[in-house]
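Chemist: Mind looking over this structure? Questions follow.
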Amino acid sequence: MSEEIGKKEAVSADSPAEHEKYDQSFLLKDELTAAEANKVVLKLAGPAVAEQLLMALVGMIDMIQVSRIGPAAITAVGLTNQPMMFAMAIFMAINVGTTAVVARFIGAHDIKSANETARQSLIIVTLLGLLVGAVMFLIAKPVLLFMGAEADAMFYGVKYFQIVSVSMVFNTIQMCVNSMVRGAGDTKAPMINNTAVNLINVVFNFLLINGIWFFPRMGVTGAAVATAFSRLVGCIMALSLVLLPGKRITVSFKGGYHFNWDLIKRVAKVGMPAAAEQFVMRIGMILFTRTVSGLGTVVYAAHQVAININSLSFTTGQGFGMSATSLVGRCLGAKKPDMAEKFAKATSNMSMFVSLGVAALLFFAGDKVALLYTDDASVIASSAIALKIIALVQPLQSIQFVLAGALRGAGDTKWPLYSTIIGVWFFRLGLALVLVQYLHMGLIGAWIAMAVDQAVRSLVIQYRFRSNKWKHVRV
C-alpha cells in the first residue's frame, strides 16, 4: 500500500469510538486471546454464513420449483449456470480486489482512499456489466448448443438465458457494493440485502412458474423473470448502502468523475490473479459439465440436483472465508500479521467444525433431500450416491474456502489460482475423463473426480498458508 496516499489522505481513526464504528476495536490491542479472536470471528462470520446459507436454501427452493416441470427444465437451468458463472468471473475478480484494498485502507485508517476505491470499482463494474450482459444475450443459443443441450433442454434454455443476461448488470452492481461493504467489516448489511433479494426471488418464482393469482403461468421463463426482478431490487437496495451519506463506505459523484489509475492498478493487482482463477475454474467447470451432460438428460438432471443440494456445503466455507478476507486484510493494513494469522486459524477451525454437520446431512440424508426435487427413482438414487462421495471431503473443502479467503485478504491471490489449475484441470477434468469416458463409471466417476479436486486444492492452499509468505505481500 502506498505510504504517500496513506499519509496524505488518511482520516484519523485512532480513537476507540472510531475503531468501533468500523468494527475493528480489536486492532487497538497488541494481542488477542483465543476466546477474544473467536468472538470477533463469530460476530463477523455469523451474518456472512447466514447469508450464504439462505442463498443456498433459496437456490434449492428455486430448483425444486423448476424441477416440477421435468428433467429437461432442470437441465436447461443447470446448463445456463456454468456459462453465466464464466461471464461473472471478471466481476468476481474485481470484487476480490475491491474487498482486499478497501480492507487494507480501513485497517490503516485511510477512509478517504477506501471510499475512492469503492467509487472506482462501482463505475467499472457498471460499464462492464452492461457490455457483458448484452454479449451474453446475443450468444445464448450457440452457448447452450456448445454446452451439449439436447432439443428438450434448448426449448426452455434460450429464453431463460437471455432474460437472465439482461439482468446481469443489476447483479454485478449488487455484488460489487456488498464486497466493498464487507471489506469495511460490515457483513450484516449484505446479509439483509441478499435476504430480501432471495425472498423476492422465491415468491415471484412461485407466482410466475405456476401462474398463481392473476400472474400468468410462465414455467421456466417465469423463473428467469423472477430472477431479473429480484436482482433489480437488490441493486437498488445495495446502492443505498453507499450512496447515502453517513454510511460505512460512502460513494459520491460530486465534482465529476475521472479514473484514478493508481487505485485501479491496486485493485487489478489483487484482482487479476483472481480473474485468472475464475476463468480457469469456469472453463474447467464448463468442460466438466459437458462431460456429464454427454451422459444424457436424465443423468445430468441427477447431477444438477446433487450440485444444488451440495451448495449447502459451500455456505459455511464461503461465509467464514469472507470473514477471513476482511479480518486478514484489516490486520495487515494495521501492520499486525500475527493477529491476521490467529484470525485465519480461528476462522478455519470454526468452519471445519460446522462442515462436519453438513457432511453428515449429505451422507445420511441426501436421498431424502433429493426426494424434494423429483419422484424419479433413478435421479434420486444417483444424486444420493454423488452426495455420499462429496460428503467425505467436507472438512478439507471447508479449510480450502477459508484459507483461500485469508490469502485473498492478504492480496496473495496467485496461490488460489495455482490450486485451481492443479485441482480442477489436472484432477477434476483429467480424472473425470478417465473414470467417465474410459472406465465408464458414469456419474459416480465424475463425483469421485470432484472430491479429489477439492482435497488437492485444500492441500495446496494449506501449504501456502503455512509458509507465512502471504504476510509480506504488498497491496
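Condition check ((1) touching a residue at least 60 places away in the same chain (Cβ under 8 Å); (2) outside any helix (DSSP H, G or I); (3) open to solvent by 20 Å² or more (accessible area, probe 1.4 Å)) across all residues:
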| site | (1), (2), (3) |
| --- | --- |
| 428 | yes, no, no |
| 431 | no, no, yes |
| 436 | yes, no, no |
| 440 | no, yes, yes |
| 458 | yes, no, no |
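Chemist: Open to solvent by 30 Å² or more (accessible area, probe 1.4 Å) and touching a helix residue (DSSP H, G or I) at 6+ places or on another chain (Cβ under 7 Å): which single residue out of 287, 332, 327, 312 fits that description?
Modeler: Within the list 287, 332, 327, 312, the selection yields 287.
Chemist: Looking at the structure I just gave you, is residue 448 within 23 Å of residue 285 (Cα to Cα) and either among the aromatic types (Phe, Trp, Tyr) or surrounded by fewer than 23 Cβ atoms within 10 Å (Cβ to Cβ) (or both)?
Modeler: So residue 448 fits the description; yes.
Chemist: Tell me the residue from 71, 83, 47 that is over 30 Å from residue 135 (Cβ atoms) and out of contact with any strand residue (DSSP E or B) (no Cβ under 8 Å at 6 or more places or on another chain), please.
Modeler: It is 47.
Chemist: Could you check, for segment 214-227, whether at least one of its residues is open to solvent by 60 Å² or more (accessible area, probe 1.4 Å), touching a helix residue (DSSP H, G or I) at 6+ places or on another chain (Cβ under 6 Å) and not aromatic (Phe, Trp, Tyr)?
Modeler: Yes: segment 214-227 contains one or more residues that are open to solvent by 60 Å² or more (accessible area, probe 1.4 Å), touching a helix residue (DSSP H, G or I) at 6+ places or on another chain (Cβ under 6 Å) and not aromatic (Phe, Trp, Tyr).
Chemist: Here's something else I'd like to know. State which residue is least open to solvent (accessible area, probe 1.4 Å) when the search covers only segment 263-284 and only residues that are of a type in the set (Lys, Arg) and under 16 Å from residue 329 (Cβ atoms).
Modeler: Among them, the one singled out is 266.
Chemist: Find the helices (runs of 4 or more DSSP H) located wholly in segment 88-156 whose residues include 3 or more that are in contact (Cβ under 8 Å) with a residue 24 or more places away in the chain and in contact with a Lys or Arg (Cβ under 8 Å, 6 or more places away or on another chain), and list them.
Modeler: Per the criteria, 89-107.
Chemist: Exactly one condition in (1) open to solvent by 10 Å² or more (accessible area, probe 1.4 Å); (2) hydrophobic (A, V, I, L, M, F, W, C); (3) more than 26 Å from residue 328 (Cα to Cα) is not met by residue 175; state its number.
Modeler: Only one criterion is unmet by residue 175, namely (3).
Chemist: Does residue 46 satisfy being part of a helix (DSSP H, G or I), open to solvent by 20 Å² or more (accessible area, probe 1.4 Å), in contact (Cβ under 8 Å) with a residue 60 or more places away in the chain and within 19 Å of residue 366 (Cα to Cα)?
Modeler: Criteria not met by residue 46.
Chemist: Something else: Here is a check on your reading of the model: is residue 8 at pLDDT below 75, in a helix (DSSP H, G or I), farther than 30 Å from residue 293 by Cβ and open to solvent by 50 Å² or more (accessible area, probe 1.4 Å)?
Modeler: yes
Chemist: Can you find a residue that is in a loop (DSSP other than H, G, I, E, B) and either touching a residue at least 60 places away in the same chain (Cβ under 8 Å) or more than 14 Å from residue 63 (Cα to Cα) (or both) anywhere in segment 186-204?
Modeler: Among the residues of segment 186-204, at least one is in a loop (DSSP other than H, G, I, E, B) and either touching a residue at least 60 places away in the same chain (Cβ under 8 Å) or more than 14 Å from residue 63 (Cα to Cα) (or both), which makes the answer yes.
Chemist: Pull up segment 340-388, narrow it to residues that are among the hydroxyl-bearing types (Ser, Thr, Tyr) and assigned to a helix (DSSP H, G or I), then point me to the one that is most open to solvent (accessible area, probe 1.4 Å).
Modeler: Among residues in segment 340-388 that are among the hydroxyl-bearing types (Ser, Thr, Tyr) and assigned to a helix (DSSP H, G or I), the one most open to solvent (accessible area, probe 1.4 Å) is 378.
Chemist: A further question on this structure: Could you identify the single residue in 118, 149, 114 that is open to solvent by less than 30 Å² (accessible area, probe 1.4 Å), at pLDDT below 90 and more than 20 Å from residue 246 (Cβ to Cβ)?
Modeler: That would be 149, the only listed residue that is open to solvent by less than 30 Å² (accessible area, probe 1.4 Å), at pLDDT below 90 and more than 20 Å from residue 246 (Cβ to Cβ).
Chemist: Looking only at segment 76-90, count how many residues are within 18 Å of residue 172 (Cα to Cα) and buried (at least 24 other Cβ atoms within 10 Å of the Cβ).
Modeler: The qualifying residues number 1.
Chemist: Mind checking which residues of segment 404-426 are within 17 Å of the chain's Cα centre (by Cα) and either open to solvent by 10 Å² or more (accessible area, probe 1.4 Å) or modelled with pLDDT under 90 (or both)?
Modeler: Once the filter is applied, which keeps residues that are within 17 Å of the chain's Cα centre (by Cα) and either open to solvent by 10 Å² or more (accessible area, probe 1.4 Å) or modelled with pLDDT under 90 (or both), segment 404-426 yields 408, 409, 413, 417.
Chemist: Follow-up. Would you say residue 337 is surrounded by fewer than 21 Cβ atoms within 10 Å (Cβ to Cβ) and at pLDDT 90 or above?
Modeler: Yes.
Chemist: Residue 182 is checked against (1) open to solvent by 50 Å² or more (accessible area, probe 1.4 Å); (2) modelled with pLDDT under 85 and fails just one. What number does that condition carry?
Modeler: For residue 182, the exception is condition (1).
Chemist: Next question, about the same structure. Go through segment 439-475 and count every residue that is among the basic types (Lys, Arg) and within 23 Å of the chain's Cα centre (by Cα).
Modeler: Of the residues in that region, 2 qualify.
The values are calculated or read from the model by the stated rules, or taken from the named source; none is laboratory data. Here the structure is a predicted model, which is why all the values come from computation and not from measurement. Note that each Cβ is placed from the backbone with ideal geometry, even for glycine, and that neighbours are counted across all protein chains shown. Calculation scope for accessible area: heavy atoms of the full protein, side chains included, ligands and nucleic acids excluded. Shrake-Rupley method; radii C 1.70, N 1.55, O 1.52, S 1.80 Å.
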